[in-house]
1. Being of a type in the set (Ser, Thr, Tyr) and either open to solvent by 90 Å² or more (accessible area, probe 1.4 Å) or more than 30 Å from Ser91 (Cα to Cα) (or both) is the filter here; which residues of segment 35-47 pass it?
2. Give the residue, chosen from Ala32, Ala60, Ala50, that is surrounded by 13 or more Cβ atoms within 10 Å (Cβ to Cβ), in a helix (DSSP H, G or I) and not charged (D, E, K, R).
3. Considering only segment 74-89, I want to know if a residue exists there that is surrounded by 12 or more Cβ atoms within 10 Å (Cβ to Cβ) and farther than 30 Å from Leu21 by Cβ.
4. Working carefully through the options Ser26, Ser10, find the one that is modelled with pLDDT under 85 and of a type outside the set (Val, Ile, Thr).
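The values are calculated or read from the model by the stated rules, or taken from the named source; none is laboratory data. All figures in this text were calculated on a predicted structure; none of them were measured in a lab. Please note: Cβ atoms are built from the backbone with ideal geometry, for glycine as well, and neighbour counts cover all protein chains shown. Each accessible area value is taken on the protein alone, full model and side chains, heavy atoms only, with ligands, DNA and RNA left out. Shrake-Rupley method; radii C 1.70, N 1.55, O 1.52, S 1.80 Å.
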Amino acid sequence: MATSVAQSSSTLASLDQKVALAKRCSHEGVVAGAKAAIVASIATAIPTMASVRMLPWARANLNHTAQALIITTVAGAAYFIVADKNCFSYSTQELIQTCP
């Protein structure tokens, strides 16, 4: 009976550590993704706005909705790519550390 109580408390501690690691990983992924989305938005907005002002084709075919769609698509893609990459790198590091 005492060994099962000790095992359950050790598995609960291990589970708490895993939950804490997952929360930290997801938080850092969100922060890194948000930073990447901001950079991608700026890097996309400048050429999009410049092309709409300078190129006749873009002026005729890219209304405000199209411009916003271009910018937000790139920002969303950057967010998810960086957040995923960040979480995968954390899980890979954790796997390497725990495996003998």
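1. Thr44
2. On the way: Ala60 fails: surrounded by 13 or more Cβ atoms within 10 Å (Cβ to Cβ); Ala50 fails: surrounded by 13 or more Cβ atoms within 10 Å (Cβ to Cβ).
Result of the check over Ala32, Ala60, Ala50: Ala32.
3. If we filter segment 74-89 for residues that are surrounded by 12 or more Cβ atoms within 10 Å (Cβ to Cβ), which is where we start, we get 74-89.
From what's left, farther than 30 Å from Leu21 by Cβ: 74.
Yes - at least one qualifying residue is present in segment 74-89.
4. Numbers: Ser26 fails: modelled with pLDDT under 85.
The conditions single out Ser10.
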